[in-house]
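Here the structure is laid out as structure tokens; the discussion comes afterwards.
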Amino acid sequence: MGSSDAERKASYEDVSGEPGGLGGVVSTISSSRSPLQPPEADDGEPFTTYFDSKIPIPEDETHSCFSFRKLWAFTGPGFLMSIAYLDPGNIESDLQSGAVAGFKLLWVLLLATIIGLLLQRLAARLGVVTGLHLAEVCNRQYQKFPRIILWLMVELAIIGSDMQEVIGSAIAINLLSMGKIPLWGGVLITIADTFVFLFLDKYGLRKLEAFFGLLITIMALTFGYEYITVKPSQEKLLQGLFIPYCQDCGTPQLEQAVGIVGAVIMPHNMYLHSALVKSRQVNRADKREVREANKYFFIESCIALFVSFIINIFVVTVFAEAFFNKTNAHVHQVCANSSSPHSSLFPNNNETLEVDIYKGGFLNLRWSRFARVLLTRSIAVTPTLFVAIFQDVEHLTGMNDFLNVLMSLQLPFALIPVLTFTSLPGVMHDFANGLFWKVAGGLLILLICCINMYFVVAYVMSLHNLALYIGAAVLSVVYLSFVAYLTWLCLIALGASFLACGSTGRLGFAARPELFLLGHVDSDPSVPR
């Protein structure tokens, strides 16, 4: 690690361009292969992505253990990832938690954020060590049929998340314009942000990361201002945060606790984080550099998720102080006294207040990035636009609840693969999960999947429709069968080799040449030190 920046960059370029070594691997990594194609198929001309331009990491000879210069160079991916912890689904979950349970579920939010951090660590390590993001590893390691199913499930998760952003933005624009811009107008305006971010991308990834950092700072300042203005009880806040107990809680509070976990831990975020870490220049021929990258990415993720956690705390406590145990009439009167144009949202009766976000406020397709974003954005916008035009805001926020359920259903298709591949020595080599992470990761994923399945069942039961029950039962059989298949492969990766029945190679776990070389690059004599 004692080389200069120039020598470090030259070493990296030599490794990347070595004909008999890692160069062939890097070329396959930067290409875009469809999971529908066999790994041996000719990829043709690759298209560029965010990660083709690597951000160099400076040397710091004076600080061998920790360097703020290096931390700053690694800062970015974690904050881009943390946006998913602050999306409309999380904000709605926060304000409902405050209104339904007051300060009593803050410990659930804290626990969910910590679990999310540990799982994000696995996703980031996979990207750092292999140089491939989770979708690429799934493409190379799973058989054809599960690859296709995983792609469909993850696309659903991405589109669902996108729809939540559209809904949240449309409602925010409607509120900020004092109702002058209708919901459907807000949906149309939201379409423009796609092109804004595509335009910002032309200026480089660091500027895009800085822009998102600015947005998070604005959220922290505005929600922090509300927190200071409302002045929630600090004693209740600390009790709710560190005492894992919910006195006098019933089914609504339990369902809300489950909803918090489902809103915080998002499936597509595992894929996103494993891809974002590829944007830094790390020489994978040097284990020390890989270990260093893992360390700084984890520190950065801790900081980013701590900031997002504080913002979520602001939202929960503000609504806990303002709306917990309040009636519609009470809030209606408060709005009327402040001449708010939104007082009509709350009927003047003595029923308990119900809050929603409006009342609060794998296929690596060979298309250009513009075309791919346009397609997925269109799929997300179209149903949202129709609901916004022909229905009222309750249907729009109801769609948001449905999307939370959809995201919960997708969780196993991200969590199980990330634990599977980070536990495989053929993929991670010396950085494969140890016994602690295998056991802890498995138990955490089992817990999360059980919690979210409860959330899904509770949502379906609340629909009170026999046809929906039957349809859900049929889909559950197919869904659980595929989850069981992924779990079977995961258990083999965790060490239960007897489950393979001697057919590991046919399961898709025979290491691809690319991944094998990435895992054993330090033993290749052609790779310069």
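Some values worked out for this structure:
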{"quantity": "Qualifying residue in the range 285-303 (condition: over 23 Å from the mean Cα position of the chain (by Cα), crowded, with 23+ Cβ neighbours inside 10 Å, more than 23 Å from Val405 (Cα to Cα) and of a type in the set (D, E, K, R))", "calculated": "no"}
{"quantity": "Residues that are more than 21 Å from Leu424 (Cα to Cα) and not in a helix (DSSP H, G or I), drawn from the range 119-177", "calculated": "Ser177"}
{"quantity": "Condition check for Ala99: modelled with pLDDT of 80 or more, of a type in the set (Gly, Ala, Ser) and surrounded by fewer than 22 Cβ atoms within 10 Å (Cβ to Cβ)", "calculated": "no"}
{"quantity": "Count - residues of the range 219-255 that are open to solvent by 80 Å² or more (accessible area, probe 1.4 Å) and among the hydrophobic types (A, V, I, L, M, F, W, C)", "calculated": "6"}
{"quantity": "Total residues in the range 154-164, condition open to solvent by 10 Å² or more (accessible area, probe 1.4 Å) and touching a Pro at 6+ places or on another chain (Cβ under 8 Å)", "calculated": "2"}
{"quantity": "Cβ-Cβ under 8 Å pairs, at least 6 apart or on other chains, the range 483-496 side more than 16 Å from Ile149 (Cα to Cα), far side of a type in the set (D, E, K, R) and at pLDDT 90 or above", "calculated": "Leu494/Lys438; Gly495/Lys438"}
{"quantity": "Number of the exception - Phe436 against (1) open to solvent by less than 20 Å² (accessible area, probe 1.4 Å); (2) farther than 25 Å from Ile149 by Cβ; (3) at pLDDT 85 or above; (4) among the hydrophobic types (A, V, I, L, M, F, W, C)", "calculated": "(1)"}
{"quantity": "The range 71-83 - residue that is in contact with a Leu (Cβ under 9 Å, 6 or more places away or on another chain) and open to solvent by 10 Å² or more (accessible area, probe 1.4 Å) and, of those, farthest from Asn404 (Cα to Cα)", "calculated": "Leu80"}
{"quantity": "Some residue of the range 420-433 being modelled with pLDDT of 80 or more, among the aliphatic types (A, V, I, L, M) and assigned to a helix (DSSP H, G or I)", "calculated": "yes"}
{"quantity": "Qualifying position, being crowded, with 24+ Cβ neighbours inside 10 Å and either more than 26 Å from Lys54 (Cα to Cα) or touching a Gly at 6+ places or on another chain (Cβ under 6 Å) (or both), among Leu105, Leu126, Leu86", "calculated": "Leu105"}
{"quantity": "When residues of the range 485-509 are limited to those that are in a helix (DSSP H, G or I) and open to solvent by 60 Å² or more (accessible area, probe 1.4 Å), the one modelled with the lowest pLDDT", "calculated": "Arg506"}
{"quantity": "Contacts under 7 angstrom Cβ, first residue in the range 445-465 being over 12 Å from Gly262 (Cβ atoms), partner crowded, with 17+ Cβ neighbours inside 10 Å, 6 or more apart", "calculated": "Ile445/Leu415; Ile445/Ile416; Ile445/Leu419; Val460/Ala472"}
{"quantity": "Which numbered condition Ile260 misses (of (1) crowded, with 24+ Cβ neighbours inside 10 Å; (2) β-branched (Val, Ile, Thr); (3) in contact with a Phe, Trp or Tyr (Cβ under 8 Å, 6 or more places away or on another chain); (4) more than 27 Å from Phe431 (Cβ to Cβ))", "calculated": "(3)"}
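The values are calculated or read from the model by the stated rules, or taken from the named source; none is laboratory data. The structure displayed is predicted, hence computed values, not measured ones. Here Cβ is always computed from backbone atoms with ideal geometry, including for glycine, and neighbour counts include all displayed protein chains. The accessibility values were calculated without ligands, DNA or RNA, using every heavy atom of the protein model including side chains. Shrake-Rupley method; radii C 1.70, N 1.55, O 1.52, S 1.80 Å.
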